[in-house]
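I have placed the structure first, in the form of structure tokens, so that the comments after it can refer back to it.
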């Protein structure tokens, strides 16, 4: 059964007109907390299962390792069809203090740090993760300059409000929006619709965890549990399938350090919910 599981079953989406990915991807946020060999093994297995979209960031790290370092070790030299999407904004200053959002003039250093850690000469997609900005124009403009310099191919946005998207688009193209979204976290419905209308990928995070994200679990739902039992799948797989049903422009990026959970997540890309099941969930 495992041999039949492949992320291609989720369908594909093309970012920026030239980067085609399977809609079931992988989020690397949890990997730094794992054993290095296990994390490397999960990344390699993910690619074997057809996952060619990995979401990461230089600020995904633990005391011992970083997500980017693990990706570099596991997958470099990188396959031609692999798309690595990273993000900038948060970070740490030289004293180690956490910065929820860098200044525009600090973004080049963050981009170069991602390049160094990943061992690349350019980044496929860089998302600006905003925190508390009224306007993203100045920060997005700084990244647009780096794209013009050849360090970045495409730009996206993360953790935004609806008004931020046109602010960025006045400066340059936006190929993806990454916001918190899931069955019980629907605050970004307006952005999801806007992205669909404009051909922009919408990439939810915490799509599985829902309200249980702080404990690393899966949020409870009677409807989800009922469908999972009837289908012989897990609640997490139902949540992922629901996410992918929200539109062909949605890209799922579930993260895990478990080889077994990885297989379950990828298999969810082939799970097609019926109209009755979707109505029950909604």
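Taken together, the values in this text are just the output of simple stated rules run on the coordinates, not laboratory data. Owing to the predicted nature of the structure, the values given are computational and were not obtained by experimental measurement. Positions of Cβ are backbone-derived with ideal geometry, glycine not excepted, and every protein chain shown enters the neighbour counts.
Write down the Å³ per residue value for the convex hull defined by the alpha carbon atoms of the chain.
That works out to 126 Å³ per residue.
Residue 62 to residue 95: extension gain in nm, 0.36 nm per residue of separation minus the Cα-Cα distance?
Taking residue 62 through residue 95 to full extension adds about 10.3 nm, to one decimal.
List the relative contact order of region 2-281 as a percent without decimals, with contacts defined as Cα pairs under 8 Å and 6+ residues apart.
Relative CO of region 2-281 lands at 19 percent.
Any chance you could run the full-extension gain for residue 103 through residue 261? It's 0.36 nm times the residue separation minus the Cα-Cα distance, nm to one decimal.
Once the chain is fully extended between residue 103 and residue 261, it gains 53.1 nm.
Which distance in Å, rounded to a whole number, links the C-alpha centroids of region 124-202 and region 41-104?
19 Å
Between residue 14 and residue 112, what is 0.36 nm times their sequence separation minus the Cα-Cα distance? Round to one decimal in nm.
Separation in residues times 0.36 nm, less the Cα-Cα distance, equals 32.8 nm.
Between helix 222-231 and the chain, what is the angle of the helix's C-alpha long axis to the longest principal axis, kept within 0 to 90° and rounded to the nearest 10?
For helix 222-231, the angle is close to 70 degrees.
Can you classify region 78-127 as rounded, prolate or oblate using the Cα gyration tensor, where a ≥ b ≥ c are the square roots of its eigenvalues, rounded means a/c under 1.5, and otherwise it's prolate if a/b beats b/c and oblate if not?
Judged from the Cα gyration tensor, region 78-127 comes out prolate (a/c at least 1.5, a/b above b/c).
Could you state the angle between the C-alpha long axis of helix 137-148 and the longest principal axis of the C-alpha atoms of the chain, as a value from 0 to 90 degrees rounded to the nearest 10?
80 degrees
Taking the number of other C-beta atoms within 10 Å as the exposure measure, put 245, 139 in order starting with the fewest.
Ordered from fewest to most neighbouring Cβ atoms within 10 Å, 245, 139 come out as 245, 139.
Angle check, please: helix 36-48 long axis (alpha carbons) against the longest principal axis of the chain (alpha carbons), in degrees 0 to 90, nearest 10.
Computed tilt is about 70 degrees.
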